[in-house]
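Participant: I have a structure here, written as structure tokens, and I will follow up with some questions on it.
The values are calculated or read from the model by the stated rules, or taken from the named source; none is laboratory data. Just so it is clear, the structure is predicted and the values come from calculations on it, not from any experiment. For neighbour counting, all protein chains shown are included, and Cβ atoms are generated from backbone atoms with ideal geometry for every residue, glycine included. Quick note on the areas: whole protein, heavy atoms, side chains included, nothing else; ligands and nucleic acids left out. Shrake-Rupley method; radii C 1.70, N 1.55, O 1.52, S 1.80 Å.
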Amino acid sequence: MLRFRTLLAGPSRKRKKNPKTRRRTRAARSDAVAGKQCDDADVLRQPHQLETVPPEEEEEEEEEEEDGELGFRLKRSARSSAYGVQPLGNLFLSPNAANSRNAGLGTLQNLTDELVLEILGLLSGTQLGILATVSKSFYVFCNHEPLWRNLVLEALGGDFLFNGSWKSTYVAGCHPSFDVGSVGESGLAVRDFYSDYVFQSWLCANLEMKPEWLERDNIVRKRGISVEEFVRSFEEPNKPVLLEGCMDGWSALEKWNREYLVKTCTGVRFSVGPVEMRLEDYLRYSDQTREERPLYLFDPKFGEKVPVLGSDYEVPIYFREDLFSVLGNERPDYRWIIIGPSGSGSSFHIDPNSTSAWNAVITGSKKWVLFPPDVVPPGVHPSPDGAEVACPVSIIEWFMNFYGATKSWEKKPVECICKAGEVIFVPSGWWHMVINLEESIAITQNYVSSRNLLSVLDFLKKPNASTLVSGTRDRVNLHNKFKNAIEAKFPGKIDQLMLEAEEKAALQKKPSFWDSVTDSKAGAFKFSF
């Protein structure tokens, strides 16, 4: 249970409430299919009869940030909590207070906030606008930003100009005759509305990364090592490493800024979540968004869409054995351009198809947290077959609720901040999470080398390969295609690797000298003279 005053720390300063909140919920997922038509009705009513907070009382209710035991800080750009929503813990500290959430929901008050939003996610924009006039509770829930984000992506796809909030963006795009100015920053402050779920959504969107979340840097860093040393020390033992200096000479380091990319990519659409957007439209969105989980530009076909981008960098020498290339145009997706604002990133996952990967930061910086294949990160729950992973809604939520537990773990995560000009090697099977600490641009590629070829082939032939394999249309036959192409291009390679793997396994089972001279029954040495 959350309590506002124990969450925040920093210089004492007052903030007025501002009606904004965002949340990615199961009801308002942003994986909606683009193209759904806007509502026919051209009416989105605003509530005029809800109880408002008098200015003098609002002044009394302004929250002060003060030092707390958890030491969180709000971003300088943070807006006040949405519509005056408070964490549930505050209800028990307010004498004679009643939760207006319950009264406004009537018989629906027994439902969880998540379920309420799940149901509201079935409504149209016009229906949400009308329902918002029914009560203070419905006003708060119907203005929940992820609901409007989902509506925008369904109705407009990537053809929208972000207008400060998802609701305002929806109205401007689908109901242009409506006065968007009355939708933007205005809103009602609702008294005595307590909800951990809604409040935490706002909190995660507006928290700074705590210093202690950034201070651990225990990854091995190397500069100028040979390919042989990289293979021997990191790729064969399947260990991550941060490589410095291997991007020297990339023209992307000098050229890839906003102006260059917008000019070079004019009119080109890139994959952003479930839709495709023009780069200039995405950058407009990323400049204004204050979401718990911002949309992320993550495009696997950028080299084909804008060939000059592919010539602005070269694969570092350590990763040039790329065996999936034998498939030519039938290979799975393997390289991506990644652009995102501060706070965007990828929650915990394992890279597809048992491949290894490298990630090169061109501008900005990224916080990485990695766990070895045999350690599932706290708060992460993969399905038995590995096809699905349940994890916290946002990266910040994971840091708030689970990161501290790793301090006492025997197998602590590998962590680092990867800055511009640095490359991180992510070994096959490692869990990893990434968050941008500032606006960042990066290139990443997944690859198969001799060191992980056998594990990739094993992965591709799993019984549920049609569910697990990604990045290709022919998931079922990818194993046979890949194996046959390798045998044709490199005759005997697979058999040789299997023989070496068997020899290595036998060597690991062979008893050492000390084991051979120990009496297993007596627990003492055996001497034979």
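Participant: Being within 24 Å of residue 171 (Cα to Cα) and surrounded by fewer than 22 Cβ atoms within 10 Å (Cβ to Cβ) is true for just one of 108, 123, 115. Which residue is that?
Facilitator: Working: 108 fails: within 24 Å of residue 171 (Cα to Cα); 115 fails: within 24 Å of residue 171 (Cα to Cα).
Just a single option satisfies the conditions, and that option is 123.
Participant: Something else now. Name the residue that is nearest to residue 368 (Cα to Cα), counting only residues in region 231-251 that are polar (S, T, N, Q) and surrounded by 14 or more Cβ atoms within 10 Å (Cβ to Cβ). Break it down stepwise before answering.
Facilitator: First, the residues of region 231-251 that are polar (S, T, N, Q): 233, 238, 251.
This time we only want the ones that are surrounded by 14 or more Cβ atoms within 10 Å (Cβ to Cβ), so: 233, 238.
On the way: 233: 20, 238: 17 Å.
Only one residue tops the list, namely 238.
Participant: Answer yes or no: is there a residue in region 162-172 that is within 20 Å of the chain's Cα centre (by Cα) and either in a loop (DSSP other than H, G, I, E, B) or closer than 30 Å to residue 90 by Cα (or both).
Facilitator: As a first pass, look at region 162-172 and keep what is within 20 Å of the chain's Cα centre (by Cα): 166.
The next check asks that each one be either in a loop (DSSP other than H, G, I, E, B) or closer than 30 Å to residue 90 by Cα (or both); those that pass are 166.
Yes; the residues of region 162-172 include at least one that is within 20 Å of the chain's Cα centre (by Cα) and either in a loop (DSSP other than H, G, I, E, B) or closer than 30 Å to residue 90 by Cα (or both).
Participant: Among the listed residues 254, 228, which satisfies the condition of being more than 30 Å from residue 374 (Cα to Cα) and either modelled with pLDDT under 95 or part of a helix (DSSP H, G or I) (or both)?
Facilitator: Values: 228 fails: more than 30 Å from residue 374 (Cα to Cα).
Testing whether each residue is more than 30 Å from residue 374 (Cα to Cα) and either modelled with pLDDT under 95 or part of a helix (DSSP H, G or I) (or both) leaves just 254.
Participant: Let me ask another. Considering only region 141-162, I want to know if a residue exists there that is closer than 27 Å to residue 270 by Cβ and of a type in the set (Val, Ile, Thr).
Facilitator: Here is the first cut: in region 141-162, the ones closer than 27 Å to residue 270 by Cβ are 145-162.
Filter once more, keeping what is of a type in the set (Val, Ile, Thr): 152.
Yes, that holds for at least one residue.
Participant: For the structure I just gave you, tell me whether residue 453 is buried (at least 21 other Cβ atoms within 10 Å of the Cβ), at pLDDT 90 or above and under 22 Å from residue 231 (Cβ atoms).
Facilitator: The answer is yes for residue 453.
Participant: Got a sec? Which of 201, 177 is in contact with an Asp or Glu (Cβ under 9 Å, 6 or more places away or on another chain) and in a loop (DSSP other than H, G, I, E, B)? So that I can check it myself, show each step before the final result.
Facilitator: Details: 201 fails: in a loop (DSSP other than H, G, I, E, B).
Among 201, 177, only 177 is in contact with an Asp or Glu (Cβ under 9 Å, 6 or more places away or on another chain) and in a loop (DSSP other than H, G, I, E, B).
Quick grid of which residues meet (1) at pLDDT 95 or above; (2) more than 17 Å from residue 418 (Cβ to Cβ); (3) touching a strand residue (DSSP E or B) at 6+ places or on another chain (Cβ under 9 Å); (4) of a type in the set (Phe, Trp, Tyr):
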| residue | (1), (2), (3), (4) |
| --- | --- |
| 325 | yes, yes, yes, no |
| 334 | yes, yes, yes, yes |
| 355 | yes, yes, yes, no |
| 369 | yes, no, yes, no |
| 374 | no, yes, no, no |
| 386 | no, yes, no, no |
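Participant: If you don't mind, another one. If you go through region 180-192 one residue at a time, how many are crowded, with 24+ Cβ neighbours inside 10 Å and at pLDDT 85 or above?
Facilitator: Qualifying residue count for the region: 1.
Participant: Being open to solvent by 20 Å² or more (accessible area, probe 1.4 Å) and either among the β-branched types (Val, Ile, Thr) or closer than 17 Å to residue 343 by Cα (or both) is the filter here; which residues of region 396-415 pass it? Full working, then the answer.
Facilitator: Let us first name the residues in region 396-415 that are open to solvent by 20 Å² or more (accessible area, probe 1.4 Å), namely 397, 400-402, 404-405, 407-412, 414.
Hits for region 396-415 are 397, 400, 401, 414.
Participant: Considering 103, 132, 98, which residue is under 21 Å from residue 202 (Cβ atoms) and in contact (Cβ under 8 Å) with a residue 12 or more places away in the chain?
Facilitator: Numbers: 103 fails: under 21 Å from residue 202 (Cβ atoms); 98 fails: under 21 Å from residue 202 (Cβ atoms).
Residue meeting the stated conditions: 132.
Participant: Output the residue which, of all residues in region 57-96 that are modelled with pLDDT of 85 or more and polar (S, T, N, Q), is nearest to residue 143 (Cα to Cα).
Facilitator: Checking each candidate, the answer is 86.
Participant: In this structure, is residue 177 of a type in the set (S, T, N, Q) and open to solvent by 40 Å² or more (accessible area, probe 1.4 Å)? Spell out the reasoning first.
Facilitator: On the way: of a type in the set (S, T, N, Q): yes; open to solvent by 40 Å² or more (accessible area, probe 1.4 Å): yes.
Against the criterion (of a type in the set (S, T, N, Q) and open to solvent by 40 Å² or more (accessible area, probe 1.4 Å)), residue 177 qualifies.
Participant: Does region 450-477 hold any residues that are in contact (Cβ under 8 Å) with a residue 24 or more places away in the chain, farther than 24 Å from residue 238 by Cα and in a helix (DSSP H, G or I), and which are they? Spell out how you get there, then give the answer.
Facilitator: Residues of region 450-477 in contact (Cβ under 8 Å) with a residue 24 or more places away in the chain: 450-460, 464, 467-472, 474.
Pick out the ones that are also farther than 24 Å from residue 238 by Cα and you get 464, 467, 472, 474.
Within region 450-477, 467 is the sole residue that qualifies.
Participant: If residue 487 passes every condition in (1) without any contact (Cβ under 8 Å) to a residue 40 or more places away in the chain; (2) among the acidic types (Asp, Glu); (3) assigned to a strand (DSSP E or B) but one, which one does it miss?
Facilitator: (3)
Participant: In addition: Got at least one residue in region 97-107 being modelled with pLDDT under 85 and within 21 Å of residue 208 (Cβ to Cβ)? Working first, answer last.
Facilitator: Looking only at region 97-107, we keep the residues that are modelled with pLDDT under 85, and these are 97.
If we keep only those that are within 21 Å of residue 208 (Cβ to Cβ) as well, we get none.
Looking through region 97-107, none of the residues is modelled with pLDDT under 85 and within 21 Å of residue 208 (Cβ to Cβ).
Participant: I would also like to ask the following. Only one residue in 376, 393 is in contact (Cβ under 8 Å) with a residue 40 or more places away in the chain, open to solvent by 20 Å² or more (accessible area, probe 1.4 Å) and touching a Lys or Arg at 6+ places or on another chain (Cβ under 6 Å), so which one is that? Please lay out each step first, then the result.
Facilitator: Working: 376 fails: touching a Lys or Arg at 6+ places or on another chain (Cβ under 6 Å).
None of the other options fit; the residue is 393.
Participant: What's the number of the condition residue 267 fails, among (1) modelled with pLDDT under 95; (2) of a type outside the set (D, E, K, R); (3) closer than 30 Å to residue 394 by Cβ?
Facilitator: In the conditions (1) modelled with pLDDT under 95; (2) of a type outside the set (D, E, K, R); (3) closer than 30 Å to residue 394 by Cβ, residue 267 misses (3) alone.
Participant: List every residue pair whose Cβ atoms sit under 9 Å apart, with the two residues 6 or more apart in sequence or on different chains, where the first one lies in region 144-170 and is under 13 Å from residue 285 (Cβ atoms) and touching a residue at least 40 places away in the same chain (Cβ under 8 Å) and the second, anywhere, is in a loop (DSSP other than H, G, I, E, B) and of a type in the set (Phe, Trp, Tyr).
Facilitator: 153/160
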